[in-house]
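Chemist: Sharing a structure below in structure tokens format, with a few things to ask.
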């Protein structure tokens, strides 16, 4: 714990793992497992932290720290979110974890932050969808753009794109109507 408290996360991770190996039946082993995951998280080793948190959840499904673990799983994904023009798999995973957390543990101390992060994920996913639809629009693939924009409006209402979406939807329909007349 001294290493962990001094923010020396790499040696702390090893110390916690060693403790678990040497004292697998100790009442402190679950804490060592949890602090292993936390050390990995604070060391920005998010993929390893996800594995450690998942393992903790699997080994201790009724432990009082499970809500915290679920929140931290969301944070591990959240910290990996890249730009909106890239794959949004981690954003979707973060959204999923935060949604489950908020629904299951609304009174938790981390609930407010989870709600805020959930909204950030929703906006990020909406922006990603808009970018794809806009790309289709600019490349004159109006049917594909129309489908993206309609799906965006349905899946992410009140995402901040409503006005732009309505305009783009009208423009797509006009272009598609012109294309139909030419046939």
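Quick note: the coordinates plus some simple rules give every number you see, no bench work behind them. Since we're looking at a predicted model, the values are computed, not measured. All Cβ positions, glycine included, derive from the backbone under ideal geometry; neighbour counts span all protein chains shown.
Chemist: Just to be sure, is residue 52 surrounded by fewer than 14 Cβ atoms within 10 Å (Cβ to Cβ) and either over 14 Å from the mean Cα position of the chain (by Cα) or touching a residue at least 40 places away in the same chain (Cβ under 8 Å) (or both)? Explain how you work it out, then say what you get.
Modeler: Working: surrounded by fewer than 14 Cβ atoms within 10 Å (Cβ to Cβ): no; either over 14 Å from the mean Cα position of the chain (by Cα) or touching a residue at least 40 places away in the same chain (Cβ under 8 Å) (or both): yes.
Answer is no for this residue.
Chemist: Look through 138, 99 and report the one residue that is surrounded by 14 or more Cβ atoms within 10 Å (Cβ to Cβ) and either under 19 Å from the mean Cα position of the chain (by Cα) or closer than 18 Å to residue 85 by Cβ (or both).
Modeler: One residue alone meets the criteria, 99.
Chemist: Hey, any hits in the stretch 154-164 for a residue that's under 30 Å from residue 42 (Cβ atoms), crowded, with 16+ Cβ neighbours inside 10 Å, free of Cβ contacts under 8 Å to residues at least 40 places away in the same chain and within 19 Å of the chain's Cα centre (by Cα)? So that I can check it myself, show each step before the final result.
Modeler: Let us first name the residues in the stretch 154-164 that are under 30 Å from residue 42 (Cβ atoms), namely none.
No, the stretch 154-164 contains no residue that is under 30 Å from residue 42 (Cβ atoms), crowded, with 16+ Cβ neighbours inside 10 Å, free of Cβ contacts under 8 Å to residues at least 40 places away in the same chain and within 19 Å of the chain's Cα centre (by Cα).
Residue-by-condition table, conditions (1) under 30 Å from residue 145 (Cα atoms); (2) touching a strand residue (DSSP E or B) at 6+ places or on another chain (Cβ under 6 Å); (3) surrounded by fewer than 22 Cβ atoms within 10 Å (Cβ to Cβ):
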position: 71; (1), (2), (3): no, no, no
position: 81; (1), (2), (3): yes, no, yes
position: 89; (1), (2), (3): yes, no, yes
position: 95; (1), (2), (3): yes, no, no
position: 111; (1), (2), (3): no, no, yes
position: 116; (1), (2), (3): yes, no, yes
position: 131; (1), (2), (3): yes, no, yes
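Chemist: Any residue at all in the stretch 85-106 that is under 30 Å from residue 8 (Cβ atoms), part of a loop (DSSP other than H, G, I, E, B), touching a helix residue (DSSP H, G or I) at 6+ places or on another chain (Cβ under 9 Å) and without any contact (Cβ under 8 Å) to a residue 12 or more places away in the chain?
Modeler: Restricting attention to the stretch 85-106, the residues satisfying the condition of being under 30 Å from residue 8 (Cβ atoms) are 90, 93-94, 97-98, 101.
Keeping just the survivors that are part of a loop (DSSP other than H, G, I, E, B) gives none.
No, that holds for no residue.
Chemist: Hey, another quick one. Tell me which residues, restricted to the stretch 107-119, are touching a residue at least 12 places away in the same chain (Cβ under 8 Å) and under 26 Å from residue 133 (Cα atoms).
Modeler: Selection gives 117, 118.
Chemist: Moving on to the next point. Identify the residue in the stretch 45-82 that is in contact with a helix residue (DSSP H, G or I) (Cβ under 9 Å, 6 or more places away or on another chain) and in a loop (DSSP other than H, G, I, E, B) and, among all such residues, is nearest to residue 106 (Cα to Cα). Before the answer, list the steps.
Modeler: Kept after step one, since they are in contact with a helix residue (DSSP H, G or I) (Cβ under 9 Å, 6 or more places away or on another chain), are these residues of the stretch 45-82: 45-57, 59-60, 63, 65-82.
Right, trim to in a loop (DSSP other than H, G, I, E, B) and you get 45, 60, 63, 65, 79-82.
On the way: 45: 28, 60: 21, 63: 18, 65: 15, 79: 22, 80: 24, 81: 24, 82: 28 Å.
By that ranking, first place goes to 65.
Chemist: So residue 140 ticks every box in (1) farther than 30 Å from residue 71 by Cα; (2) assigned to a helix (DSSP H, G or I) but one. Which box is left unticked?
Modeler: With respect to (1) farther than 30 Å from residue 71 by Cα; (2) assigned to a helix (DSSP H, G or I), residue 140 is out only on (2).
Chemist: On to the next question. Taking the residues in the stretch 165-182 that are crowded, with 19+ Cβ neighbours inside 10 Å and within 30 Å of the chain's Cα centre (by Cα) as candidates, determine which candidate is nearest to residue 127 (Cα to Cα).
Modeler: The first filter runs over the stretch 165-182 and keeps only residues crowded, with 19+ Cβ neighbours inside 10 Å, leaving 165, 168, 172.
Next, from what is left, pick out any that are within 30 Å of the chain's Cα centre (by Cα): 165, 168.
Details: 165: 11, 168: 14 Å.
Once the filter is applied, the top-ranked residue is 165.
Chemist: Oh, and also: If I go through the stretch 5-30 residue by residue, how many of them are closer than 19 Å to residue 75 by Cα and surrounded by 18 or more Cβ atoms within 10 Å (Cβ to Cβ)?
Modeler: Looking only at that region, the number is 2.
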